[in-house]
Amino acid sequence: MRRLLIAVVVLAVLVFGWMRLLRTTAFYRDRRPTRLGTAVNRFGGWLAGAGVPPSWMCLLEVRGRHSGRTRSTVLVVATHAGERYLVSMLGENVEWVKNVRAAGGEAVIRHGRRQPVRLEEVPVEDRAPILRAYFHRAPGARPHMEANLESSVSDFERIAAVHPAFRIVEGR
């Protein structure tokens, strides 16, 4: 069992290191994941759901608004002022955001164990510092957000309306 865990961690480090070397267009085009992006996201979701480090990755499970079936997405958890947040790097028009809104914020976050949560959407005027924290935590999101590492909070205020953020409230 220990050898398997070590092998999975080594494989994860190799895959995520390889991802950083590839251009972003290999994973997302037109704000949609490519086949490679989908495969890598599934693998990352499996790792996050199993509780493999890093701790800031999680698997979000939410009821689909049309099918009613559970839909899962691997996401990065940003921390700001002692609170945890989920941010949509691709903007408003992504399935997990639409499903969370339709489900009234009821969801489950997995990182080794299942944790029922309620996701509360953050008002646009309060999003800028959260987006900045997310931007620093999630290097894969940087090509999708019109900012850079030196951007101030006021620069993130310009893009706050485009990127929804949800505060994670434990329990339901």
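Bear in mind these aren't lab numbers, they're just calculated from the coordinates by the rules spelled out. As the structure is a computational prediction, the values presented were derived from the model and not from experiment. For neighbour counting, all protein chains shown are included, and Cβ atoms are generated from backbone atoms with ideal geometry for every residue, glycine included.
What's the local net charge at Arg71, with K and R +1, D and E -1, over the other residues with C-beta under 14 Å away?
For residues surrounding Arg71, the net value is +4.
Hey, what number do you get for the chain at 222 nm if only DSSP H runs of n ≥ 4 count, each worth -39500 (n - 2.57), divided across all residues, to the nearest 500?
-11000 deg cm²/dmol
Provide the gained length on full extension for the span Val9 to Glu106, in nm with one decimal, where the gain is 0.36 nm per separating residue minus the Cα-Cα distance.
Between Val9 and Glu106, full extension yields an extra 31.9 nm.
Only counting other Cβ atoms within 10 Å, I'd like His163, His136, His144 sorted with the fewest neighbours first.
The fewest-first ordering by Cβ neighbours comes to His136, His144, His163.
When the convex hull of the C-alpha atoms of the range 114-172 is computed, what volume per residue in Å³ does it have?
So the per-residue hull volume is 87 Å³.
Taking only the alpha carbons of the range 65-129, what extent do you get along each of the three principal axes, in Å, biggest first?
Principal-axis extents of the Cα atoms in the range 65-129, largest first: 34, 28, 19 Å.
Starting from the 7 Å offset along Cα-to-Cβ, what nm value, one decimal, do you get for the label separation of Thr34 and Glu92?
Result: 2.9 nm between the two label points.
With the cut-off at 23 Å, report for the range 2-170 the share of all Cα pairs above it, as a whole percent.
Percentage above 23 Å: 39.
When only C-alpha pairs under 8 Å and at least 6 residues apart count, what is the relative contact order of the range 2-170, in percent?
Relative contact order comes out at 22 percent.
Please compute the length gained on full extension between Gln115 and Ser67, using 0.36 nm multiplied by the number of residues separating them and subtracting their Cα-Cα distance.
15.0 nm
Of Ala133, Ser152, Val117, which is farthest towards the positive pole of the chain's charge dipole, taken about the Cα centre with +1 and -1 on the beta-carbons of Lys, Arg and Asp, Glu respectively?
Farthest towards the positive pole: Val117.
Assigning unit charges at the beta carbon (Lys, Arg +1; Asp, Glu -1) and nothing else, what dipole magnitude in debye, to the nearest 20, does the chain show about its Cα centre?
So the dipole magnitude of the chain works out to roughly 920 debye.
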